[in-house]
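*Asks:* Quick one: this structure, given as structure tokens, is what I'll be asking you about.
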Amino acid sequence: MAGTFTKLFYHIVFSTKHRQRFISAEIEDELYKYISGILRNLEGSCIEIDGVTDHVHILAILPPKIALSDVLREIKAGSSKWIHETKPKLAKFGWQDGYSAFTVSQSNIDAVRRYIREQKQHHKQLDFKTELVALLDKHQIAYDERYIWD
């Protein structure tokens with residue numbers, strides 16, 4: 001085959017450092033637009049993004065030429081820098097060191113988009129820790145709870 005043809009969908013989840021509630025309604029739209037811009041600059045695409053005060057869910061298409069870990073490093077470093085430069089009240093803002101990511105098939109895109117859009121409603125009944133463990137279990141990802149939370 002002469003060319004490379006991909007469409008790689010990822011559901012990415014990460015939280016603020018120590019799950020502090022930094023992502024208020026005041027900043028979330030700007031923050032999500034900024035993160036979407038970072039993805040565009042990496043030749044990716046943000047399909048859906050939302051979250052609550054202590055974590056973010058992203059559905060993105062990422063190019064195969066950049067490692068997922070590099071994408072997350074760029075998102076976290078770039079958005080943290082932006083927050084520190086534009087939101088002086090959030091001087092202590094930071095992201096957790098790790099992240100979770102799940103590949104998504106084309107047939108499940110609508111369900112994942114809906115799941116991300118309904119984060120605020122979803123978290124009226126469920127905390128982030130419970131949600132994350134359920135996602136890891138659903139995707140059969142082994143984990144040691146001692147190392148999930150920083």
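The values are calculated or read from the model by the stated rules, or taken from the named source; none is laboratory data. The model shown is predicted, which means the values in this text are computed figures rather than measured ones. Cβ coordinates were reconstructed from backbone atoms using ideal geometry, including for glycine residues, and neighbour counts include every protein chain displayed.
*Asks:* State all residues of region 92-114 that are aliphatic (A, V, I, L, M) and either within 20 Å of residue 14 (Cβ to Cβ) or touching a Leu at 6+ places or on another chain (Cβ under 7 Å) (or both); if no residue qualifies, say none.
*Replies:* 101, 104, 112
*Asks:* Starting from region 7-21, take each residue that is assigned to a loop (DSSP other than H, G, I, E, B) and list its partners that are surrounded by 15 or more Cβ atoms within 10 Å (Cβ to Cβ), counting only C-beta distances under 9 angstrom and pairs at least six apart or across chains.
*Replies:* As it stands, the answer is 7/61; 20/53; 20/54; 20/93; 20/94; 21/52; 21/53; 21/54, since those pairs meet every condition given.
*Asks:* On to the next question. Considering only residues that are hydrophobic (A, V, I, L, M, F, W, C), free of Cβ contacts under 8 Å to residues at least 40 places away in the same chain and in a loop (DSSP other than H, G, I, E, B), which ones fall in region 123-143? Let's see the steps before the verdict.
*Replies:* In the first step, residues of region 123-143 are kept if they are hydrophobic (A, V, I, L, M, F, W, C); the result is 126, 128, 132-136, 141-142.
Then drop every residue that is not free of Cβ contacts under 8 Å to residues at least 40 places away in the same chain, which leaves 126, 133-134, 136, 142.
Answer for region 123-143, where residues must be hydrophobic (A, V, I, L, M, F, W, C), free of Cβ contacts under 8 Å to residues at least 40 places away in the same chain and in a loop (DSSP other than H, G, I, E, B): 126, 142.
*Asks:* Taking residue 25 as the residue in question, decide whether it is loosely packed, with under 14 Cβ neighbours inside 10 Å and closer than 19 Å to residue 128 by Cα. Walk me through how you get there before you give the answer.
*Replies:* Details: loosely packed, with under 14 Cβ neighbours inside 10 Å: yes; closer than 19 Å to residue 128 by Cα: yes.
Taking the combined requirement at face value, the residue satisfies it.
*Asks:* Right, here's the next one. Search region 91-122 for residues being among the small types (Gly, Ala, Ser) and assigned to a loop (DSSP other than H, G, I, E, B), and hand back the single one that is surrounded by the most Cβ atoms within 10 Å (Cβ to Cβ).
*Replies:* Step one: filter region 91-122 for residues among the small types (Gly, Ala, Ser), giving 91, 94, 98, 100-101, 105, 107, 111.
Adding the requirement that they be assigned to a loop (DSSP other than H, G, I, E, B) leaves 91, 94, 98, 105.
Values: 91: 8, 94: 15, 98: 13, 105: 8.
The qualifying residue surrounded by the most Cβ atoms within 10 Å (Cβ to Cβ) is 94.
*Asks:* Turning to a different aspect of this structure: On the given criteria, is residue 75 under 30 Å from residue 5 (Cβ atoms), modelled with pLDDT of 95 or more and touching a strand residue (DSSP E or B) at 6+ places or on another chain (Cβ under 9 Å)?
*Replies:* Answer is yes for this residue.
*Asks:* Now for a separate question. Somewhere in region 49-67, is a residue outside any helix (DSSP H, G or I) and in contact with a Cys (Cβ under 7 Å, 6 or more places away or on another chain)? Let's see the steps before the verdict.
*Replies:* Filtering region 49-67 for residues outside any helix (DSSP H, G or I) gives 49-67.
From what is left, the residues that are in contact with a Cys (Cβ under 7 Å, 6 or more places away or on another chain) are 58, 60.
Yes, the conditions are met somewhere in region 49-67.
*Asks:* Something else now. What residue, of 83, 148, 66, 58, is crowded, with 17+ Cβ neighbours inside 10 Å, among the hydrophobic types (A, V, I, L, M, F, W, C) and out of contact with any strand residue (DSSP E or B) (no Cβ under 8 Å at 6 or more places or on another chain)?
*Replies:* Numbers: 148 fails: crowded, with 17+ Cβ neighbours inside 10 Å; 66 fails: crowded, with 17+ Cβ neighbours inside 10 Å; 58 fails: out of contact with any strand residue (DSSP E or B) (no Cβ under 8 Å at 6 or more places or on another chain).
After applying the criteria, what remains is 83.
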